[in-house]
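A short worksheet on the structure shown next.
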Amino acid sequence: MSDTRKVKVALVGTGGWGRQHARIFDAHENVAFCALVGRNPEKTRERAEQFHTTAYSDLAVMLEKEQPDLVSLCLPNQGHFETTLQVIQAGVPLFVEKPLVFSLREADILLNEADKRGLFFAINFNHRYAKPVQLAREAIDAGRLGQLAFASWRFGGEGSSTHPHANLIETQCHGFDMLEHLCGPIEAVSAEMSDLTQAGFRTLALALKFSSGAVGTLIGTYDSSYAYPDTHRLELDGTKGRGVIHDTVKKYTFHPSGSELGETWEAGYFNDADRQFHLTMDKHVDAMLAAFMAGHQPPIHAAAGYRALAVADAAIRSFESGRRVKVDAAR
């Protein structure tokens, strides 16, 4: 860590979600936001000026000159591997956006290279920090749902990509991470996918088997709209009760088994912190930086990105073979 006792953070990426990274690091009391790296010099300079940091167009030059304690990467979804590997090989701890990468081979390389260097390697599955998700986790831990019998995840909107399985890998990775975070490991997958719009397998339905014995479903699409109410819904049914998460941050409900009366959480009038989706990342960064400063492992290690990709890979193999496929648990 830097002599100022703040974490010296550099950001790579100047896109839309990269703006959230810049906003958070610029304002964070424990961060010295030292650099912003982008491919477009003019755009990078403008963004750097907006968030009071130094612009670079060359990652290697930035790493040598700034010597950051931590590098945050927010790049186009299919452009993660080379730049992430460059940061790892430079021996710098890092915080990356999902998906980790699009192939298990590349994911193995990144994790192995980081492990060899003992690097702090975090990934931003920020959905875990939504208030409804935290309430669901608390209910499960307290035994309020009893033994989980099934889980149902649905999430879909617009999207475009040149990769045929983009929705599955870059968006439903949140679903795989969330389902395993709440329900435990996914053991096997059976998949159906549709290329109805002839732009890749943009809509998919999966049947899931958890190691606990519970079952689940996942429906994902890029052929819908994020404008629809309840575009995201996660239902958790157990022997003692049911919990439902609506639109990630909007609402959480719990009903005890057999009861028509339940409990509902929704953000109060002044509770903007829990009402806004992008602020889930603020909470994750707080936890991530606290772990980094304490010398601990990240609250969400990049291995969670590998795990989500392994489930996606099993889904692809299931669809292509027409068979139920076990998830590779090698890592």
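Read the figures in this text as sums done on the coordinates, not as results from a lab. Small disclaimer: the values here were computed from a predicted structure and weren't measured. In this analysis, Cβ positions are derived from the backbone assuming ideal geometry, glycine residues included, and neighbour counts consider all displayed protein chains.
Residue ranges 247-254, 262-269 sort as 247-254, 262-269 when ordered by packing (mean number of other C-beta atoms within 10 Å per residue, highest first). Of the residues R324, R307, the one with the fewest other Cβ atoms within 10 Å heads the list, and the complete ranking is R324, R307.
For the residues G241, G295, G157, a GNM of the chain with alpha-carbon springs under 10 Å puts the largest fluctuation on G295. For the chain, adding -39500 (n - 2.57) for each run of n ≥ 4 DSSP H residues and dividing by the number of residues yields -10500 deg cm²/dmol at 222 nm. Of all lysines in the structure, those lying under 24 Å Cα to Cα from K8, and not within fewer than 8 positions of it along the same chain, are K43, K65, K98, K116, K283. Bridging of K250 to aspartates and glutamates at a Cα separation below 12 Å is possible for D230, E266, D272, D274, once same-chain residues fewer than 8 apart are set aside. Where does the Debye-calculated log10 I(q)/I(0) of the chain sit at q = 0.13 Å⁻¹, using only Cα point scatterers of equal weight, no solvent? These q points yield log10 I(q)/I(0) values of -1.02. Using bins of 5 Å that start at zero, the share of Cα-Cα pairs per bin across region 7-124 amounts to 2, 13, 24, 26, 20, 11, 4, 1, in whole %.
Once the Cα-Cα distance is subtracted from the 0.36 nm per residue extended length, the K116 to T217 segment shows a gain of 32.7 nm. Which residue fluctuates most in the GNM of the chain (Cα springs below 10 Å): L261, L119, L73? Of L261, L119, L73, the most mobile in the Gaussian network model is L261. Partners of K209 within straight-line reach, counting lysines whose Cα lies under 16 Å from its Cα and excluding those fewer than 8 residues away in the same chain: K326.
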